[in-house]
1. Please report, ordered by residue number, the helices (runs of 4 or more DSSP H) entirely within the range A:217-304 with at least 3 residues that are closer than 30 Å to residue A:29 by Cβ.
2. Can you spot a residue in the range B:81-100 that is within 14 Å of another protein chain (Cβ to nearest Cβ) and not in a helix (DSSP H, G or I)?
3. Being among the β-branched types (Val, Ile, Thr), loosely packed, with under 15 Cβ neighbours inside 10 Å and in contact with an Asp or Glu (Cβ under 7 Å, 6 or more places away or on another chain) narrows it down to one of A:18, A:13, so name that one.
4. All but one of (1) surrounded by fewer than 13 Cβ atoms within 10 Å (Cβ to Cβ); (2) charged (D, E, K, R); (3) in contact (Cβ under 8 Å) with a residue 40 or more places away in the chain hold for residue B:186; state the number of the condition that does not hold.
5. Working only within the range A:154-169, note down all residues that are touching a helix residue (DSSP H, G or I) at 6+ places or on another chain (Cβ under 8 Å) and open to solvent by less than 50 Å² (accessible area, probe 1.4 Å).
6. Would you mind stating whether residue B:117 is part of a helix (DSSP H, G or I) and not small (Gly, Ala, Ser)?
7. Take residue A:195 and tell me if it is without any contact (Cβ under 8 Å) to a residue 40 or more places away in the chain and crowded, with 21+ Cβ neighbours inside 10 Å.
8. Keeping to the range B:208-220, report how many residues are open to solvent by less than 80 Å² (accessible area, probe 1.4 Å) and closer than 22 Å to residue B:261 by Cβ.
Amino acid sequence: MSETAAVETHDLTKVYRTLLRRRDVRAVEGVSLRVEAGSTFGLLGPNGAGKTTFVKMLLSAVRPTAGFARIFGVDCRRSQARRPVGYLPENHRLPGYMTGRGMLDYYAALSGMGARARRRRAAELLALVGLEKWGSTRLSRYSKGMLQRLGLAQAMMHSPRLLVLDEPSDGVDPVGRRQIREILRELEERGVTVFINSHLLAEVELFCREVAILHRGRVALVGKVKELTAGKGYRLVAAGVPERLEAELRARVAAAARRDGLLELQFPSREEANQALDLLRREGCEIESLTPTTSTLEDVFMRTVNV
Amino acid sequence: MSRLRLPVTVVLIRDTFHEAIVRWVFWGTFALCTALILFFLFLLRIDVVEGAKATISLFGQKESKAMDVAKLVRQIHSAVAAFLYMMGMFLAVFASATLMPAALERGRVELLLSKPLRRWHILLARYSANLLLVMLNIGYLILGVWAVFGWKTGVWHASFLYAIPATAFMFAVLLAVVTLVAVFSESAALATMITFAMMVMSPILAQHKLMAKLLSSEWTRQVWRGFYHALPKFFDVGGINMDLVMGRAVSNWAPVWTSTAFGLVVLSAALFLFQKRDY
């Protein structure tokens, strides 16, 4: 455990007060979390659990009613705390009058990047998110998925040490999701802390090492994904899976991810795992492992929020 | 942080200009100013007779009576200054009322707030950019008209240039109102309505001496006076603007000081509210 956490909150509370204080809304209540630098952390919770409010408090868009939050040891209310942070908000509205390249340049300039570095980085990132041909097009012509990918590029422009993503896969097609996951995996390997706020449990399970579940504004559960999901189901890991077969398998599974050249597949039942195993054998793929898991993150989530 | 501040301010101002240009706000006001300058340049003809008298013609229709050139130019200057102060102000407020809340809309403001900037810095930069945008247009129109008349008649009344700071000053005060309403409500329509209401109410409130005689009770007279002194004096400052342009001495500067105080209080309130708001 490193000395300075990427994110550290203590009793963080937000109460939205209404006029005359008749119907105060306690959006977040006494949340204490520690996200280690270099980790991948998923914040889960049903709608209205307080996830977005929590994230916004980290970025000072929402003022805490009580408690405190620190980013790399700096009080989040100080503007300096946001310097190493890249943020992709939920339901963002990127200015439609800007071009893709112009938008990246604008937000990076606000993060304090120099002009030459901005130009170089914008070209790199546009290529990385598959929008190199759209750099000169106004954002008003972008699709939702394209805007989401560009939003991610925006968050990465100044090479942040902490990436806070609020529903990053929102509106993105499966190919785009996979691309985003691969980008995030690469960032993880480089030591960037990734904090994801999402309701897509399978996505979080595949990518994040640690999760916290917020329920009614409180932390209902926090732990390592591996430990929490050591339950019902089957995880199949194979190598040398051709793309065609991978696409076919991805359509059948609860969750899938590619790590270090290996394809990880999560099956809810033994029958489905066996069918996939047969297919993989027929194609001559190597099976690394087939392990039963006690439960998926979805099961854990459902149990935690009592659905 | 201080090393970063100047470029970031420039970036924020540049973005407001960019938005104004793309949304046609800048080009719209620029085109109107250009049209007015071209009108005076090509359609209004002034023939100077014996160096001191002039006849004026519009669309070729000549005004037969010869007039004093300096007086004629001063009258046209004052008409342009009054037109700019009244109509130009309405247009400028309308244009700013769309630009100001745009930066504060949900989904966009969060991104701005996630950057290592102080909130007051973001709002003040936006305010300054709006003001600069309008000042450029005012300056362009006044200098353009001044140059056209100077070139056509040889009369260069420098007092006409007072219309630039006078109009810009009143716009700065009204822009503070737009900013406060934008921060409070994020509504361009409400910002326009409230600011226009203040402009329209100003000449009515300015009749406080007459109203003191007409109102029946002392407390209603006090309320009237209270509103008059508290709200920006669009009408009275307009009168000062005319005095300056016509080269007359200004008898009472109080409307300028009270309007300045109003603008500062409202802008401070906008900054305070923006500092405290949750997005």
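The values are calculated or read from the model by the stated rules, or taken from the named source; none is laboratory data. Source: prediction; values computed, not measured. All Cβ positions, even for glycine, are placed from backbone atoms using ideal geometry, and neighbour counts span all protein chains on display. These accessible areas exclude ligands, DNA and RNA; they are computed on the full protein's heavy atoms, side chains included. Shrake-Rupley method; radii C 1.70, N 1.55, O 1.52, S 1.80 Å.
1. Details: elements: A:225-228, A:243-250, A:270-282, A:297-304.
Where helices (runs of 4 or more DSSP H) fall fully within the range A:217-304 and carry at least 3 residues being closer than 30 Å to residue A:29 by Cβ, they are A:225-228, A:297-304.
2. no
3. Answer to the selection: A:18.
4. (1)
5. Quick first cut of the range A:154-169, residues touching a helix residue (DSSP H, G or I) at 6+ places or on another chain (Cβ under 8 Å) only: A:154, A:156-159, A:163-166, A:168-169.
Within the range A:154-169, A:154, A:156, A:157, A:158, A:163, A:164, A:165, A:166, A:168, A:169 qualify.
6. Working: part of a helix (DSSP H, G or I): no; not small (Gly, Ala, Ser): yes.
No; evaluated as a whole, the condition is false for this residue.
7. When the stated conditions are applied, residue A:195 does not pass them.
8. Total meeting the criteria: 1.
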